[in-house]
Structures are given as structure tokens and as C-alpha cells.
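Since the structure comes first, as C-alpha cells, the remarks are kept for the end.
The values are calculated or read from the model by the stated rules, or taken from the named source; none is laboratory data. What you are looking at is a predicted structure, and each value in this text was computed from that prediction instead of being measured. In this analysis, Cβ positions are derived from the backbone assuming ideal geometry, glycine residues included, and neighbour counts consider all displayed protein chains. The protein model used for the area step is the full one, side chains on, heavy atoms only, and it has no ligands, DNA or RNA in it. Shrake-Rupley method; radii C 1.70, N 1.55, O 1.52, S 1.80 Å.
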Amino acid sequence: MEPTPYQRDLSKPHVERLSKAMDKLGRYLDPMIVVRGEQPDEDEPALRSARPYWTPNGNHRLAALRELGAKSVVAIVVPDIEVAHRILLLNTEKAHNLRERSLEVIRLAELLAQTEDRAERDFEIEFEEPALLTIGLCYQENGRFAGGAYHPVLRRAEKWLGSALPKALETRRERAGRVLELDAAVTEAMKKLKERGFESPYLRPFVVARINPLRFKRGGNPDVDETIETMLAAARRFDAGRVRADQVARTGGAPEE
């Protein structure tokens, strides 16, 4: 089996994530779509029987399976090769953004909490990273929450909780409430910047970066609740008068979602 010769290049990080997920799960559950590949001389029976299968939508899964040493793969064979030429019309799946990932994780956690008493940290594989739980709760409260601005801080400071999943979700709901308070304070700081004439899609990440106590720290073991409280206090005393236009212009990161 080979990828179609005209599809996009492989993303190495995506292949690594897939192979790790397959390895942890111990199985592969997502069949590929395949067609018989084209050869220059279709009239030669020997060449026709040796034609490879092409997968128009499974290049990353195929590469991940090869990294794991797989010798075969489950696939759905479509007899019409034209489907490989029209796969962009059929393949509407894309990589999940932060909002989609975090909402899926928190919905799964809430469902499991109805029947599971195991510790939150026992679900590391299912939930991917602890920050997604807190961010997912924020999105449930505010669908317009700009999670991308806070994800780098929370991803670094958040840790898996040792309490049973229902209790852990109570802790995370309280934490999400404080993050939403922080976001409201950041929004007020943005208003002050806009009143001074600053217009940029990166105002929120700019403010968050200015008040982030972990910004210039390396290593360590930051406490997430202490970090949020420090940022909240800094956001409430944010002085827009000390900000220069060139500082905002240099800002990158995640724009408003």
C-alpha cells in the first residue's frame, strides 16, 4: 500500500502522535479507503496484478503503522479509482483545534464520572493532557472563550489530579471559574489598549504574555492555582499607558478564535 502520489507531505509530529496512540491502545481501529493504483502499462496482466493499493486519505496512519512494524492493514477497497482523484470532496476531516479537543475531553470526563471512581490521573491516555479538562469547562461556560491565549500557561502548570474523577471535576470547575475571571480582567485590559488606539488580533495574547509569571522561568514545578491568582492580580492592575506600539506589533501567538 502506498499514498497517492499527489497528496500533501507527511507531518512528522502528527505521525508520532498517531504511532504513540496506536501503541498505547494496542490496536488500530480506523480502516483506510484504498483504490488500485495506476501503472503506465495497464494492458500488461503482470503489471496489472502487481499494482499497489493507493490510499487517498490514510497517509499519516500508514506511516504510523509502518513505524510500529505493521505488516498488514484493514482497508475498505473502492473499485473506482476516480474516488482517489476526488478525495478532497470526500475527506472533510481536519485536525481538531483546541476548542474541539477540549470539549471532547471534558464531555468524555463528565460521562465517565457518572460510573467511574478511579483517579483522574488514571485516564491520562483518554484525556491527553490535564489542561484540556479545565479549558473544556471554560468553553462550556463561554463558547467564545479564547482558549488559545491561556493554553500555553495551563499546559505548563496543570497536573493530573489524584482525586476520584467526580471530585477532580469539582476542583476543575472551580479552577475554570477563576480562569474565566482572569479572562474578564484581560478583556478589560484590552479595552484600555483599544482606547489608546491599539488595534491588533493579538491583543489578548499580548496582555496574557505581559502578566504571565512563568514567561521567563525555566523548569520548576509551578502551582497552577497560584499562577492563575498572580495573573488575575496583574491583569486588574494592568497599566495600558506603559505599552508602546512596537511592543504590540512584535506580538505573535494565537489570535482571537
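Not counting ligands, DNA or RNA, and with a 1.4 Å probe, what is Y6's accessible surface area in Å² rounded to the nearest 10?
Spelled out: Y6, probe radius 1.4 Å, area about 120 Å².
Assuming R0 = 22 Å, can you tell me the calculated FRET efficiency for the pair K24 and E2, based on Cβ-Cβ distance, to the nearest 0.05?
Rounded to the nearest 0.05, the efficiency is 0.25.
If you only keep lysine pairs separated by 8 or more in sequence, or across chains, how many in the chain come under 19 Å at the Cα atoms?
Lysine pairs meeting the criterion: 7.
Within 12 Å, Cβ to Cβ, of E229, how many net charges do the neighbouring residues add up to if Lys/Arg are +1 and Asp/Glu are -1?
Net of charged neighbours comes to -1.
Can you list the residues, at least 5 places off or on another chain, whose amide H is less than 5 Å from the amide H of Y53, using H built in the peptide plane?
Under 5 Å from the amide H of Y53: E2, G37.
Would you compute, for the Cα atoms of the chain, the largest minus smallest coordinate along each principal axis and list the three values in descending order, in whole Å?
Sorted largest first, the three principal extents are 78, 49, 32 Å.
Using modelled amide H (1.01 Å from N, peptide plane; none on Pro or chain starts), what sits under 5 Å from the amide H of I33, excluding residues fewer than 5 places away?
Amide H to amide H, under 5 Å and 5 or more residues apart or across chains, I33 pairs with N57, I76.
Could you work out the equivalent-ellipsoid semi-axes for the range 139-257, taking the square root of 5 times each eigenvalue of the Cα gyration tensor, largest first, in whole Å?
Values for the range 139-257, descending: 27, 16, 12 Å.
Averaging sequence separations of C-alpha pairs under 8 Å and six or more residues apart, then dividing by the length of the chain, give the relative contact order as a whole percent.
Over the chain, the number comes to 16 percent.
For the range 118-129, in order, what is each residue's ³J(HN,Hα) by Karplus, 6.51 cos²θ - 1.76 cosθ + 1.60 with θ = phi - 60°, in whole Hz (x at glycine and Pro)?
The phi angles translate into 5, 5, 4, 5, 6, 10, 4, 5, 5, 9, 6, 8 Hz.
Quickly work out the R244-to-E129 label distance, labels modelled 7 Å from Cα along the C-beta direction, and quote it in nm with one decimal.
3.3
Work out, step by step, the length gained on full extension between L214 and A184: first 0.36 nm times the residue separation, then minus their alpha carbon distance; give nm to one decimal.
8.8 nm
Counting heavy atoms of the protein chains only and a 1.4 Å probe, report the per residue accessible area for the range 158-234 as a whole number of Å².
Here the residues of the range 158-234 average 52 Å² of exposed surface.
Placing unit charges on C-beta atoms (Lys and Arg positive, Asp and Glu negative, everything else neutral), compute the dipole magnitude of the chain about its Cα centre in debye, rounded to 20.
Charge dipole, the chain, about its Cα centre: 1160 debye, nearest 20.
Amide H of S163 versus every other amide H placed in the peptide plane: which residues, excluding those fewer than 5 positions away on the same chain, fall under 5 Å?
E120
Given an 8 Å cut-off on Cα distances and at least 6 residues of separation, report the relative contact order of the range 67-208 as a percent.
Result for the range 67-208 is 25 percent.
Expected output is a single nm value to one decimal: the length gained when fully extending between S72 and D122, i.e. 0.36 nm times separation in residues minus the C-alpha distance. What is it?
My answer for the length gained is 14.8 nm.
Give the residue from H14, G58, V224 lying farthest towards the positive end of the charge dipole for the chain; charges sit on Cβ (+1 for Lys and Arg, -1 for Asp and Glu) and the dipole is referred to the Cα centre.
Ranked along the dipole, the leading option is V224.
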